[in-house]
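Below is one structure, written out as structure tokens; comments come after it.
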Amino acid sequence: MRPLLRLAYVARRHYKAAAPPTPPKAPKKPQKFSFNGITWEDPYSWMSKVSDKVAMRHMDVYMEQEEKYSEAVMSDSEKLLNKLHFEMASRMPFDLSTPPLRWGPWLYYRRVEEAKPYPILCRRLASLNDDFISHKYPPAGFDFTTGKAIEQKLVDYNLEAERFGGYAYEELSEVSPNHQFLAYTMYDKENDYFKLSVRNLNSGSLCSKPQAERVSNLAWAKDGHALLYVVTDQKMRPYRIYYSLIGSTDEDVLLLEESDESVHINIRHTKDFQYVTVNTFSPTSSKVFLINAADPLSGLKLVWECDAIAHCTIEHHQGYLYLFTDAPKGGQSVDYHYLLRSLVDDSSSTRKWEEVLVDDPYLIIEDVDFSDKYLALIVREGKKVQLCSVGLPLPCGKGSLKLRKLDLQYLSLPKHVCQISPGPNYDFFSSVTRFIISSPVMPDAVVDYDLATGRWNIIQQQNMLHDRTRILYGKNSASISMESSNSKHSNPVNASFEDDHLWNDLSEFYACEQYEVPSFDGLFIPLTIVFSRNNKTQAKKPGILHGHGAYGELLDKRWRSEVKSLLDRGWVVAYADVRGGGGYGKKWHSDGRRTKKHNSINDYISCAKFLIENDIVHENKLAGWGYSAGGLLVASAINRSPDLFRAAVLKVPFLDATNTLLYPTLPLTAVDYEEFGYPGDHDDFLAIREYSPYDNIRKDVLYPAILVTSSFNTRFGVWEAAKWVARVRDLSIYDPKRPILLNLTTDLVEENRYLQSKESALESTFLIKMMES
């Protein structure tokens, strides 16, 4: 099967306007299902029977027809497709290195060599590279002055691709604290699991053990001489923890096995590497155990538990355990995270946890990052996200502290920051911590923030005006270095206009506006819109509305270089922060899941109507865009209000909720059921039937033009997209100017930036074509 992304550039077919391409019709093989007193018929259920060879042969034929139809529909847009792909590819930074991360004496980073699809993990001694800049000589880490190689190649993922069937898809990667080993997991596509390998960084060779399969988690112990790892069962549930002594020929030791199929296991090391924490969680309970990293075989010690599923992360600092959690208090659910503290050596029969900070509903702690002398906090005040820090240790024995009364130091940020993400801050004893600052009108800025001095450096950020990326290694006069606002006992301020230029903010060229949109029940939904200032007065503007609304995850509003092509053509790009997503508290998430999933869908529809009714987007030129669970959101909104949208893009979407949750072809987790509902629960099942995009397609109604993208990689379930496309065509009114296309690829697009730009170009071409037809 050849993916459309490749064929779109070589197809040379011409069709007369009077004879538009005819969409294929998938074979119908009706099958009846009954559950919870409800009976329904599915004509395309055969598509998901991956073990049925006859069904899969029929699927191959049908996919071939879909491919040819998509080629034919898009054949007259080849020039635009090539132009958009050239634009997007040209904005990709020439140097695809990641900014170097200093840990101990080393600088770790990844870089991509010319004409190679996958990166190489490298390191250098920091003492030799204080003034090295990646886009200047010496190339590949060879110093012609001294004749010495100053770069050590640790893992070449192009060679890893040869080990794993042409793919190099890494999930986990952890360097040992003694810098002698690297533990990492690679996706084995043939067997559909992640395989663990450990590489000796001094010799470059793979260690003979451990080499485990189905690994989901890992943590170093014994200062890097031992590794703990978690494996999953056949249903991909993490259920066993093993201990492996590096260099030993002994069998790996089973430390814990969880037989309850509702319980999942997760491990991580504390930042100082003194302990490994073991989290076990189910829909009704959460527990945290502690393992002494110096003696992992000494057993697991229960240090915290609650009768609810909760997020909980434990860190160790100077004899105290700090627990960051959103667990219920006194049996009552809370809408935020809070910080608890307990002595490591608490000898009481019931461990005592004290609250560190007084609850402040107007200053919410989103995340924390401990180091030896400082605590960095990502906080949200209203809709504004901020980064601040305070010195450690915090006072003890004085009860809970008021965060606003501490000597907080804030980092001055540019306007419109939508997300602050902590970097891989491995070095517990460093005062420099790394964050990624994101905005809808600013390329991501990777910032090193010195908590001791308040100075910050942008060490990587793409300059969209000059189409280049700055990556700095060590200290260099070319780096952007600024003092933070030493704001104590007061609220922080945003950066000035001049500071925005230092941040490479693009708000001079692209406007970012934020609205509060009333939803169907009166609740206000945050809506962010971005547009080119050059096209502000343009009439009949086309627009695209992004949405996600699931798993409590933040909607991705970061600047993406491929969006520039639409903005420069007069498009409005909008983002609806509907319920079910993240960033606005636990209740915001809860109000958009299970039986309340309809809130997410109605929120999205309300934002779409707002764009049209306020003349932000022309009424016949609005497109929807959703990825994965966001595809369910957009498809459900189209079912309810198909006339609102002229087009839509659904990327690897979750569309067949009823059948997938009832009869999962691919294993699902408790988190998935907590999000979308348990079919065994009658109320949940009724809600699933009500919102499921596949089960609520409107008959004899005109649908918008829709491009559905999916992958032959079985991890994403191509039948979800294929069934939905076939049924929409079967039930809705056919209009050749509003085609329903299915674009399939055999490649792991997420791991290949060039393929990403090709797919983005195809999506933009489709949307522009549909708006102009």
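Only one entry in PRO24, PRO43, PRO30 is touching an Asp or Glu at 6+ places or on another chain (Cβ under 7 Å) and open to solvent by less than 60 Å² (accessible area, probe 1.4 Å), namely PRO24. Applying the criterion of being acidic (Asp, Glu) and part of a loop (DSSP other than H, G, I, E, B) to the residues of segment 609-631, the residue that is surrounded by the most Cβ atoms within 10 Å (Cβ to Cβ) is GLU619. Applying the set (1) assigned to a helix (DSSP H, G or I); (2) open to solvent by 10 Å² or more (accessible area, probe 1.4 Å); (3) within 19 Å of TYR551 (Cβ to Cβ) to VAL634 leaves exactly one unmet item: (2).
Candidates in segment 267-281 are the residues that are surrounded by fewer than 21 Cβ atoms within 10 Å (Cβ to Cβ) and under 17 Å from GLY104 (Cα atoms); of these, the one that is farthest from the chain's Cα centre (by Cα) is GLN274.
Remark: ASP672 falls outside the filter, which requires a residue to be part of a helix (DSSP H, G or I) and modelled with pLDDT of 95 or more.
Residues in segment 173-187 that are open to solvent by 10 Å² or more (accessible area, probe 1.4 Å), part of a loop (DSSP other than H, G, I, E, B) and under 11 Å from ASN200 (Cα atoms): 2 in all. A single member of LEU357, LEU290 is buried (at least 18 other Cβ atoms within 10 Å of the Cβ), modelled with pLDDT under 95 and not basic (Lys, Arg), and it is LEU357. Selection of segment 308-335 for residues being closer than 25 Å to PRO283 by Cα and either open to solvent by 60 Å² or more (accessible area, probe 1.4 Å) or acidic (Asp, Glu) (or both) yields HIS311, GLU315, ASP326, GLY330, GLY331, GLN332, SER333, ASP335. Residue pairs whose Cβ atoms lie under 7 Å apart, separated by 6 or more positions or on different chains, with the first residue in segment 509-522 and open to solvent by 50 Å² or more (accessible area, probe 1.4 Å) and the second modelled with pLDDT under 95, are PHE509/SER532; PHE509/ARG533. Restricting attention to segment 547-574, the residues being over 17 Å from MET88 (Cβ atoms) and open to solvent by less than 10 Å² (accessible area, probe 1.4 Å) number 6.
LYS723: on the phi < 0 side of the Ramachandran plot, of a type in the set (Lys, Arg) and under 27 Å from the mean Cα position of the chain (by Cα), yes or no?
yes
So, in segment 22-48, of the ones that are in a strand (DSSP E or B) and touching a residue at least 40 places away in the same chain (Cβ under 8 Å), which residue ends up nearest to LYS723 (Cα to Cα)?
Kept after step one, since they are in a strand (DSSP E or B), are these residues of segment 22-48: 31-35, 38-42.
Subsequent filtering for residues that are touching a residue at least 40 places away in the same chain (Cβ under 8 Å) retains 33, 35, 38, 40, 42.
Working: PHE33: 16, PHE35: 20, ILE38: 21, TRP40: 15, ASP42: 10 Å.
Of everything passing the filter in segment 22-48, ASP42 is nearest to LYS723 (Cα to Cα).
A count restricted to segment 402-449 and to residues that are in contact (Cβ under 8 Å) with a residue 40 or more places away in the chain and either outside any strand (DSSP E or B) or of a type in the set (D, E, K, R) (or both) stands at 26.
The values are calculated or read from the model by the stated rules, or taken from the named source; none is laboratory data. Keep in mind that this is a model prediction, so the values were computed, not measured. In this analysis, Cβ positions are derived from the backbone assuming ideal geometry, glycine residues included, and neighbour counts consider all displayed protein chains. When the accessible area is computed, the model is the full protein with side chains, heavy atoms only, and any ligands, DNA or RNA have been set aside. Shrake-Rupley method; radii C 1.70, N 1.55, O 1.52, S 1.80 Å.
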